[in-house]
Amino acid sequence: MHRPTALGGALTALATAAAGVLVAAAVSTSPAAAAVGGTGTGYLHTTGNKIVDSTGATVRLTGINWFGMETDNKTFHGLWSNNPWRGQLDKMAGLGYNTLRIPYSNDALKPGATASGINDFVNPDLVGLSPLQILDKVIDYAGSKGMRVILDRHRPTSAGQSPLWYTSTVSEATWINDWKMLAQRYAGNPTVIGADLHNEPHAEGTNPAATGACWGCGDTARDWRLAAERAGNAILGVQPNWLIFVEGVSCPSGGLSNVWDNDPSNDEDCGWWGGNLSKAKDFPVRLNVANRLVYSPHEYATSVYEQSWFKAPDYPANMPAIWDKYWGYLHKQNIAPIMMGEFGTTLQDPRDKVWLENLMAYTGTGVNGMSFTYWSWNPNSGDTGGIALDDWTNVNTAKQAILQPYLIPPVGGGTGPTGSPTASPTGSPTATPTGTPTTPPPAGACTATYQQVNAWQGGFQGELTVKNTGTAAVNPWSVTWSWPSGVTLASGWNATVTQSGTTVTAAGPTWSPSLAAGASVTIGFTANGAASAPGSVKLGGVAC
């Protein structure tokens, strides 16, 4: 069903030509600190249909996919853009995405694998790093923002997805051994919370001669449920703290229906690739470590495929029963947590907007709702597009407005009060009405911290973190600072950043205009000229 990088080839070719060539190296990374707040504390586990942290507090993962490591580039797409990689993570966290699902192929893990498509002017700190070393840096930085990371074995090779978890060139042993390597690499780093074992197992062949992934059929060469047990238990043997995310199949038999043979025994109800967990209650995944299993279906709209239910006369009222049947019952019957690993749409068909609104409502609101990671951050997903627009900096506000009420920002990433998104009851991001007076902080009620991230000949990259230490929200917030003559703004993120003379203004974005008491915002930027720290920083016109 889903083809995640339909537009990636052309963009990749352009990016590779424009970017520097990288060579492999081998350096480990230090574990990130335990995430807190929006994604809980310490490692996660399950209880009933909930994901909970090490203290027992319920955690809802509201995340996003950032793909590319599963393609020929072997690293994140968009590193060719003018938005530095940290700036993209800053934007994701600032929007309220508290979890990052990272697809990869086994090709990217091979010794000597090299990453390509990287703008070495914008991302000089990635030059010469292997795909795994770039992954290390992304995980460390995501962890510093309170985000969690799920690793997704998306493809055996960069050539494409596979119906089974192994192919003629990538064995089951390779699949499991690579998972064990990753589990060992990130052992002790609670930013990485688990393994999505294999992306979108699906049917192949026509029944009764099925050759694709089945669920509960008992054939060890095709039964995805049994394979998930083998891989999951091997991973837990190395890293018992990880969650094991198990997707569904498309057809439980592992084969496509033969509608021409007039034999109804060969016909069955099939769903999206990876989206059919209808047999999981009768044939559950059995893991050696209790409270580690999360079921992770995929769900898509008409922009991916025109399923029959989209044309039903009672659409969209028919959808909750369909979701119940394929995977929602696992949550509703308190069997296991649900984490929708992929769902998305271009929103070009009006039915898709209705679908997305109804799907989000179905997942539930607040911390007790079902977890999810939206597909995708990337604008170059051919059949869904992305949250990021083609510049990898600005945002598709129509999609974001639908998702916003369900996002629980990571502490340190969002600007809503105590990790809550700032959104209206209708789902549209709030904006300050015309004529509404601003709420300035009292004198001295803010602190400013600056970090220079990168520097190169003729320019630099920095991050200015401003905390509202007052007792009331600043709404709408704005931060100003001064630079020496000759230093000019090149790009900014997490705010609308402009420059007039030597004064730079960062205005709160429309999706998060209020800076709550005790909350912080990190404004990222690149600039031309000699590296210089911001001076005379003010929040709402009052000096910090």
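The values are calculated or read from the model by the stated rules, or taken from the named source; none is laboratory data. No experiment lies behind these values; they were computed from the predicted model shown. Don't worry about glycine lacking a Cβ; one is built from the backbone with ideal geometry, like all the others, and counts go over all protein chains shown. Heavy atoms of the whole protein, side chains included, go into the accessibility calculation; ligands, DNA and RNA do not. Shrake-Rupley method; radii C 1.70, N 1.55, O 1.52, S 1.80 Å.
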(request) Hey, can you grab everything whose amide H is under 5 Å from the amide H of Gly63? Only 5+ residues off in sequence or another chain; H modelled, so Pro and N-termini drop out. (result) Asn98, Thr99, Phe372, Thr373, Tyr374
(message) One quarter of the convex hull surface, Cα atoms only: what value does that give for region 227-380 in nm²?
(response) 11.3 nm²
(request) List the extent of the Cα atoms of region 100-147 along each of their three principal axes, largest first, rounded to whole Å. (result) 31, 28, 14
(request) For region 297-422, just the Cα atoms, rotate onto the principal axes and tell me the three extents in Å, largest first. (result) 41, 35, 19
(request) Can you send over the carbon and sulfur percentage of the accessible area for region 478-542, probe radius 1.4 Å, protein chains only? (result) 51 percent
(request) At q = 0.10, 0.13, 0.16 Å⁻¹, what is the base-10 log of I(q)/I(0) for region 202-311 according to the Debye formula with one equal point scatterer per Cα and no solvent? Please give it to two decimals. (result) -0.33, -0.53, -0.75
(request) Leaving ligands, DNA and RNA out of it, report the carbon-plus-sulfur percent of the accessible area of region 325-394 at a 1.4 Å probe. (result) 50 percent
(message) Applying a 10 Å radius around every beta-carbon, put 274-284, 111-121, 527-537 in order of their mean neighbour count, most first.
(response) 274-284, 111-121, 527-537
(message) Return the equivalent ellipsoid semi-axes of region 114-176 as a descending list in whole Å, where each equals the square root of 5 times an eigenvalue of the C-alpha gyration tensor.
(response) 28, 17, 10
(request) Would you please give the residues with an amide H less than 5 Å from that of Tyr305, counting only those at least 5 places away or on a separate chain, with H modeled from the backbone geometry? (result) none
(request) Heavy atoms only, probe 1.4 Å: what % of the accessible area of region 39-128 goes to carbon and sulfur, would you let me know? (result) 51 percent
(request) Report the percentage of all Cα-Cα pairs in region 192-233 whose separation exceeds 18 Å, rounded to a whole percent. (result) 28 percent
(message) For Lys145, give me every one of the lysines with a C-alpha distance below 21 angstrom, ignoring sequence neighbours fewer than eight places off in its own chain.
(response) Lys91, Lys137, Lys467
(message) Which residue, Thr169, Ile118, Pro84, has the largest displacement toward the positive end of the dipole of region 39-188 when charges sit on each Cβ (Lys, Arg +1; Asp, Glu -1)?
(response) Pro84
(message) Can you give me the convex hull volume of the Cα atoms of region 131-243, divided per residue and expressed in Å³?
(response) 109 Å³
(request) Rank-order 451-461, 386-396, 371-381 by packing density, defined as the average count of other C-beta atoms within 10 Å over each peptide's residues, highest first. (result) 371-381, 386-396, 451-461
